[in-house]
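Heads up, the thing below is written out as structure tokens.
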């Protein structure tokens, strides 16, 4: 989050079920791996105004629903949890939103809320969900609004498009999420 650029260390071989079939209620067709976080996703969406399908799409992109996913990004900082939140960003979000965040970045509710708050802040800053997602993945200083595939050397070039595509699949129930 903020300065991502690596893939979670967990994988299908580490216990992520390969079944990406979607179950739907409440307008979201979540993959089985995210169903247990439905309430946390909806709470974060309500608190931040961010679309629940985009939050779920980010979780899929960041961790495939692995609560204890952990990565070290290109600047040497560790990202943690479902939304891959780094410690510096989490600390800043805690100071700005003391009533919304707990103390444990690995708690699913806290992690999802932190990621959604950060996305909301980036969306306010850039006024565009694609640019907000680029900022989330690469850092706000790396956003090139003319070319959202430009990572500035940090993150994945297809991240904004991937998350928005995952969100469409999760919202519509049409299509398959990658394993």
Seminar exercise, completed: Here the FRET efficiency for residue 149 versus residue 103, based on Cβ atoms and R0 = 30 Å and rounded to 0.05, is 0.25
Exercise. Which FRET efficiency value, to the nearest 0.05, is calculated for residue 165 and residue 35 with the Förster distance at 30 angstrom and r the Cβ-Cβ distance?
Worked result: 0.90
Seminar exercise, completed: Checked segment 52-119 against the a/c 1.5 cut and the a/b vs b/c comparison, axes a ≥ b ≥ c from its Cα gyration tensor; verdict oblate
Exercise. Top mean-square fluctuation among 100, 67, 133, Gaussian network model of the chain, C-alpha springs under 10 Å?
Worked result: 100
Exercise. Once you sort the root eigenvalues of the Cα gyration tensor of segment 87-179 as a ≥ b ≥ c, which label holds: rounded (a/c under 1.5), prolate (a/b larger than b/c) or oblate (the other case)?
Worked result: oblate
For this session: Provide, in order from the shortest bin, the percent of all Cα-Cα pairs of the chain in each 10 Å bin, continuing until the bin that contains the maximum pair distance.
Result: 11, 42, 38, 8
Exercise. What nm distance separates the two modelled labels at residue 46 and residue 141, each placed 7 Å from Cα along Cα→Cβ?
Worked result: 3.8
Exercise. Roughly speaking, what is the stretch gain from residue 88 to residue 72, that is 0.36 nm per residue apart minus the C-alpha to C-alpha distance, in nm to one decimal?
Worked result: 4.4 nm
For this session: Let me have the 222 nm mean residue ellipticity of the chain computed from DSSP H runs of 4+ only, each contributing -39500 (n - 2.57), with the sum over all residues rounded to the nearest 500.
Result: -13500 deg cm²/dmol
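How high is the relative contact order of the chain, given as a whole-number percent (alpha carbon pairs under 8 Å, six or more residues apart)?
Working: 347 pairs, mean separation 53.0, N = 179.
Contact order relative to length: 30 percent.
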Seminar exercise, completed: Ranked on Cβ counts within 10 Å of their own Cβ, fewest leading, 166, 126 go 126, 166
Exercise. What residue among 75, 123, 144 has the largest mean-square fluctuation in a Gaussian network model of the chain, using Cα springs under 10 Å?
Worked result: 75
Problem set entry | Cα centroid separation, segment 135-172 to segment 72-98 (Å) | 18
Exercise. Is the shape of segment 57-96 best called rounded, prolate or oblate, per the rule: a/c under 1.5 gives rounded, else a/b larger than b/c gives prolate, else oblate, with a ≥ b ≥ c the square roots of the Cα gyration tensor eigenvalues?
Worked result: oblate
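Would you order 129, 113, 50 from fewest to most other beta-carbon atoms within 10 Å of each residue's own beta-carbon?
With the sparsest Cβ surroundings first, the list reads 129, 50, 113.
Where a number appears in this text, it was derived from the coordinates with a stated rule and is not lab data. A quick note: this is a predicted structure, and the numbers were derived from the prediction, not measured. Neighbour counts run over all protein chains shown; Cβ positions are idealised from the backbone, glycine included.
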